[in-house]
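No value in this document is a laboratory result; all are computed from the given coordinates. Just so we're clear, the structure is a prediction, and the values are computed from it rather than from any experiment. Every residue, glycine among them, receives a Cβ derived from its backbone with ideal geometry; neighbour counts consider all protein chains shown.
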Amino acid sequence: MARLIFLGPPGAGKGTQASLLAQHCEIPHISTGEILRAAVAHRTELGVKAQGYMDRGELVPDQLIVDLVHERLLQPDAASGWILDGFPRTVSQAKFLDELLESIGQSYDCVINLDVPDETLVKRLLSRGRADDNEDVILNRLHVYREQTAPLIDFYSDRQQLRSIDGNQTVDQVTAALKQIIQA
Ligand code: ADP
């Protein structure tokens, strides 16, 4: 049983690592970005509301995200563990998550921060070619990350819940470092 939160800037490799580790631990990988992209692709009400924010590299409003996460964590497959990737992304989302977990009688084991220098991030994102991966939008996402998400590093390290990993290594090396943390 593992309950993990993945933190890190866009392009840090959260999605790749969260997916590998979720398979290894046989728990769901819950990526708010993926859920939103699927909603946009299917033109659901959520997708229609979220698309403009995503295209500009902004965060979608908290209310849309917190309802989505609440619903997802209540699914039966999330009862035995999960990896949250892309949530929380603001201090207010982190506080919401604390309340939500308390209300459903769960808690997380630790928060994993993938550390990667900016030059590497921009290179990786430009080569990925997702719809929101053009240069202006990438720079905006990095700016939003620094302003709104990076404060979570202090938020969780003040609570001694943060583990940082050097994300500027090969995929296999990062995976090995992660497995070491969760086995410890
Ligand atoms: P990245 O790979 O850039 O970290 P994600 O796939 O996690 O991106 O998310 C893509 C987009 O979805 C974000 O730029 C943002 O608009 C939206 N999004 C995802 N998670 C959240 C969240 N927790 N709060 C607000 N917006 C979010």
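Three principal axis extents, largest first, for the C-alpha atoms of region 2-183, in Å?
That works out to 39, 38, 30 Å along the principal axes.
Cα centroid distance between region 155-184 and region 7-79, in Å?
Their Cα centres are 21 Å away from one another.
Pairs of Cα atoms under 8 Å, at least six residues apart: use those to get the relative contact order of region 1-66, whole percent.
Result for region 1-66 is 18 percent.
Please return the longest range in the chain lying between exposed loop sites, taking GluC sites (Glu not before Pro), DSSP loop only, at most 16 other beta-carbon atoms within 10 Å, and leaving the sites out.
Of all site-free stretches, the longest is 59-184.
Given H placed 1.01 Å from N in the peptide plane, which residues other than close sequence neighbours of TRP82 have an amide H under 5 Å from its amide H?
Answer set, sorted by chain and number: ALA2, ARG3, LEU4.
What spacing in nm lies between the two simple spin-label points modelled at LEU74 and ASN134, each 7 Å away from Cα in the Cβ direction?
3.9 nm
What FRET efficiency comes out for the pair ALA184/LEU101, r = Cβ-Cβ distance, R0 = 22 Å, nearest 0.05?
Once the sixth-power term is evaluated, E becomes 0.50.
At most 14 other C-beta atoms within 10 Å and a DSSP loop state: those are the exposed trypsin sites (Lys or Arg not before Pro) I care about. Give me the longest piece of the chain that has none.
It runs 44-129.
Show that you can apply the helix-only estimate: for the chain, add -39,500 (n - 2.57) for every DSSP H stretch of four or more residues, divide by all residues, and state [θ] at 222 nm to the nearest 500.
-16500 deg cm²/dmol
Over the Cα atoms of region 1-53, what Rg and Dmax result, in angstrom?
For region 1-53, the Cα-based Rg and Dmax read 13.0, 37 Å.
Full-extension gain between ASP115 and GLN161, please, as 0.36 nm times their residue separation minus the C-alpha to C-alpha distance.
15.0 nm
Mean separation of Cα pairs under 8 Å and 6+ residues apart, divided by the residue count of region 2-183: what relative contact order is that in percent?
Worked out over region 2-183, it gives 35 percent.
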